[in-house]
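Chemist: This is the structure I want to talk about, given as structure tokens.
The values are calculated or read from the model by the stated rules, or taken from the named source; none is laboratory data. Everything numeric here is computed off the predicted structure, so don't read it as measured data. Using ideal geometry, Cβ is built from the backbone for each residue, glycine included, and neighbour counts are taken over all protein chains shown. For accessibility, only protein heavy atoms count, side chains too; no ligands or nucleic acids. Shrake-Rupley method; radii C 1.70, N 1.55, O 1.52, S 1.80 Å.
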Amino acid sequence: MKGPAVEAAGLTRRFGEVVALDDLSLSVAEGEFLSLLGPSGCGKTTLLRIIAGLDHPDAGVLRIGGEEALSLPAHRRPVNTVFQSYALFPHLNVRENVGFGLRMKRVPRDEMDRRVSAVMELVEIAPLAARRPSELSGGQKQRVALARAVVNEPKVLLLDEPLAALDLQLRRQLQQELRNLQRRLGITFLYVTHDQEEALALSDRIALIRAGRIEQLGEAAVVYERPRTRFASQFLGACSLLEGRVVSADNSGSTVETAAGLLRTRAPGGARQGRVTLAVRPEKIELRASSAEPGENSLPVRVSHLTYVGSETHYELEGEGISLRAEVMNTHAEGPRFRPGDSLQAHIPPGALILLDD
């Protein structure tokens, strides 16, 4: 990891009685793709606007590229923003839209033509150079908006839910293109989204924001596999929660008594005492026939409902005082293996059980 491209310390922003940012601190490394993930109203767009210079905090410090930034107006900050709405000029063609920022900076014509041509090739819109925005599809418009931002060679590219207005298939296609573009350019991307799958697919790290504070920050896989709180476990993907009590602990893990039976975890021995909450991701649960030999962490359950989604079947399971959700790949040609009303064993590997902080 290189030095920080963006450093925020103690940022606070209030709108009347509403606290949009609550003493938030964040460091984004140079060349990193970091996603700000959270529900609507959590403060992620407010943070992006403050970095862009479109809003000002009530308190806190902001540095971009190691330089103090809050005293700089928006047009002097080394950042560019890509919005969900594209914000293209309807009276300009694609090439003129892409080069608009360079023209405002009075970049020499030869250099402007070279940079515009290069970035249009990079995002694959060169054949559209003479078209007006009204003649473009949603995906093409978004590529133009990206090119217009990238051509200015910012230190940081801010993206405010840029793919949210696109259909699912196009959004997934552009996600991969966006990630590849970021890797080729080496520019720091700060990406706002409320789409959990999008954040996981794109990010080096994810900052999960809740009520103006960072709930959890870390590598995408770590935040998903090891959420620290109930909110983190259930906002980023699905999780089943099990209440219990630690009855024994050693260096290899803990044993937790739940309403459905004893469960062994790999959480460090002695890490928690008394009442605890366990979380388990649905894809980690293995379903076995009720006649199978019960083993460690096998709970008797019944299928209450199932949803067939093609490649997977989602099962809702009920047991003694518990509810679980399991997701199973449809490897059998005949479709779902189990049916509503079937009695099963739900096996939960000890390493799949997460001991939450709350």
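Conditions (1) under 28 Å from residue 19 (Cβ atoms); (2) of a type outside the set (Phe, Trp, Tyr); (3) open to solvent by 40 Å² or more (accessible area, probe 1.4 Å), marked per residue:
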residue: 60; (1), (2), (3): yes, yes, no
residue: 64; (1), (2), (3): yes, yes, no
residue: 67; (1), (2), (3): yes, yes, yes
residue: 75; (1), (2), (3): no, yes, yes
residue: 84; (1), (2), (3): yes, yes, yes
residue: 89; (1), (2), (3): no, no, yes
residue: 94; (1), (2), (3): no, yes, no
residue: 99; (1), (2), (3): no, yes, no
residue: 103; (1), (2), (3): no, yes, yes
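Chemist: Show the residue pairs that are 6+ apart or on different chains and have beta-carbon atoms under 9 Å apart, the first residue being within the range 61-81 and farther than 21 Å from residue 32 by Cα, the second being part of a strand (DSSP E or B) and among the aliphatic types (A, V, I, L, M).
Modeler: Correct list of pairs: 70/61; 70/62; 72/64.
Chemist: Within the range 27-96, considering only strands (runs of 3 or more DSSP E) that don't extend past its boundaries, which have at least 1 residues that are modelled with pLDDT under 95 and either closer than 26 Å to residue 117 by Cα or of a type in the set (Asp, Glu) (or both)?
Modeler: 79-83
Chemist: Might you let me know whether the range 270-278 holds any residue that is more than 22 Å from residue 319 (Cβ to Cβ), under 31 Å from the mean Cα position of the chain (by Cα), in a loop (DSSP other than H, G, I, E, B) and touching a residue at least 12 places away in the same chain (Cβ under 8 Å)?
Modeler: Yes; the residues of the range 270-278 include at least one that is more than 22 Å from residue 319 (Cβ to Cβ), under 31 Å from the mean Cα position of the chain (by Cα), in a loop (DSSP other than H, G, I, E, B) and touching a residue at least 12 places away in the same chain (Cβ under 8 Å).
Chemist: Looking at 158, 136, which one is at pLDDT 85 or above and within 19 Å of residue 45 (Cβ to Cβ)?
Modeler: Testing whether each residue is at pLDDT 85 or above and within 19 Å of residue 45 (Cβ to Cβ) leaves just 158.
Chemist: Still on this structure: Would the range 140-163 turn up any residue that is of a type in the set (S, T, N, Q), under 30 Å from the mean Cα position of the chain (by Cα), over 23 Å from residue 78 (Cβ atoms) and not in a loop (DSSP other than H, G, I, E, B)?
Modeler: yes
Chemist: So, one more: So for the range 253-265 (the condition being hydrophobic (A, V, I, L, M, F, W, C), in a loop (DSSP other than H, G, I, E, B) and in contact with a strand residue (DSSP E or B) (Cβ under 6 Å, 6 or more places away or on another chain)), does at least one residue qualify?
Modeler: Taking every residue of the range 253-265 in turn, at least one turns out to be hydrophobic (A, V, I, L, M, F, W, C), in a loop (DSSP other than H, G, I, E, B) and in contact with a strand residue (DSSP E or B) (Cβ under 6 Å, 6 or more places away or on another chain).
Chemist: Having 2 or more residues that are closer than 26 Å to residue 357 by Cα and either modelled with pLDDT of 95 or more or in contact with a helix residue (DSSP H, G or I) (Cβ under 9 Å, 6 or more places away or on another chain) (or both) is the bar; report the helices (runs of 4 or more DSSP H) wholly within the range 167-228 that clear it.
Modeler: The helices (runs of 4 or more DSSP H) meeting that bar are 196-202, 220-225.
Chemist: If I filter the range 295-317 down to residues being loosely packed, with under 14 Cβ neighbours inside 10 Å and out of contact with any Asp or Glu (no Cβ under 6 Å at 6 or more places or on another chain), which single residue comes out as nearest to residue 262 (Cα to Cα)?
Modeler: Once the filter is applied, the top-ranked residue is 296.
Chemist: Kindly provide the set of residues from the range 111-137 that are open to solvent by 30 Å² or more (accessible area, probe 1.4 Å), within 30 Å of the chain's Cα centre (by Cα) and more than 18 Å from residue 153 (Cα to Cα), ordered by number.
Modeler: Hit for the range 111-137 is 137, nothing else.
Chemist: Identify all residues within the range 202-237 that are surrounded by fewer than 16 Cβ atoms within 10 Å (Cβ to Cβ) and aliphatic (A, V, I, L, M); write none if there are none.
Modeler: Of everything in the range 202-237, those that are surrounded by fewer than 16 Cβ atoms within 10 Å (Cβ to Cβ) and aliphatic (A, V, I, L, M) turn out to be 211, 221, 222.
Chemist: Please enumerate the residues belonging to the range 321-352 that are without any contact (Cβ under 8 Å) to a residue 40 or more places away in the chain, of a type outside the set (Gly, Ala, Ser) and in contact with a Ser or Thr (Cβ under 8 Å, 6 or more places away or on another chain).
Modeler: 329, 330, 336, 340
Chemist: Can you run down the residue pairs with Cβ atoms below 8 Å, 6 or more apart or on separate chains, where the first is in the range 307-320 and under 11 Å from residue 335 (Cα atoms) and in contact (Cβ under 8 Å) with a residue 12 or more places away in the chain and the partner is β-branched (Val, Ile, Thr) and open to solvent by 30 Å² or more (accessible area, probe 1.4 Å)?
Modeler: Every condition considered, the pairs that remain are 312/328; 313/307; 313/328.
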